[in-house]
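Inspection log for the structure reproduced underneath, given as structure tokens.
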Amino acid sequence: MPKFIPTPTIGEILKEEFMEPYNISAYRLAKDIDVPVSRIQDILKGKRKITVDTSLRLAKYFGVSDSFFINIQIELETRELKKQLEDTLNNINTHTFNPA
């Protein structure tokens, strides 16, 4: 199997692409978007995923589309699961549908 660059976590993306450039702490972010600090800390530590609720709050705060963060979360999960299921998926034949 080829070697892959590890997929970043949503927490790493949030921290490195959004929080660090603007010098925003977990505490400040949590207070500014009205969520518990533990929620942001858990996301940053990889212990929690982004929910739609959190995604909408982060999107508003950082001025991106409503689905920006949740789409990243889904994409990251899909990539990881696809790697885990590689053998299983390779053994599934694509069904060809013939319209009647």
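The values are calculated or read from the model by the stated rules, or taken from the named source; none is laboratory data. Everything quoted here is computed from the prediction, not taken from an experiment. Glycine gets a Cβ as well: all are built from the backbone with ideal geometry, and neighbour counts include every protein chain shown.
Below, the figures for the structure above:
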read-out	value
Index of the failed condition, Glu80 passing every other in (1) at pLDDT below 95; (2) in a helix (DSSP H, G or I); (3) more than 15 Å from Ile10 (Cα to Cα)	(3)
Residue in region 5-16 that is under 20 Å from Leu76 (Cβ atoms), part of a loop (DSSP other than H, G, I, E, B) and among the hydroxyl-bearing types (Ser, Thr, Tyr) present	yes
Any pair with Cβ under 9 angstrom, 6 or more apart, that starts in region 83-100 at a residue that is closer than 19 Å to Thr7 by Cβ and ends at one that is surrounded by 10 or more Cβ atoms within 10 Å (Cβ to Cβ)	Lys83/Thr7; Leu89/Lys82
Top-ranked residue of region 19-61 - restricted to ones that are in a loop (DSSP other than H, G, I, E, B), over 18 Å from the mean Cα position of the chain (by Cα) and not polar (S, T, N, Q), ranked as surrounded by the fewest Cβ atoms within 10 Å (Cβ to Cβ)	Asp34
Residue within region 77-95 that is surrounded by 16 or more Cβ atoms within 10 Å (Cβ to Cβ) and either in contact with a Phe, Trp or Tyr (Cβ under 7 Å, 6 or more places away or on another chain) or of a type in the set (S, T, N, Q) (or both) present	no
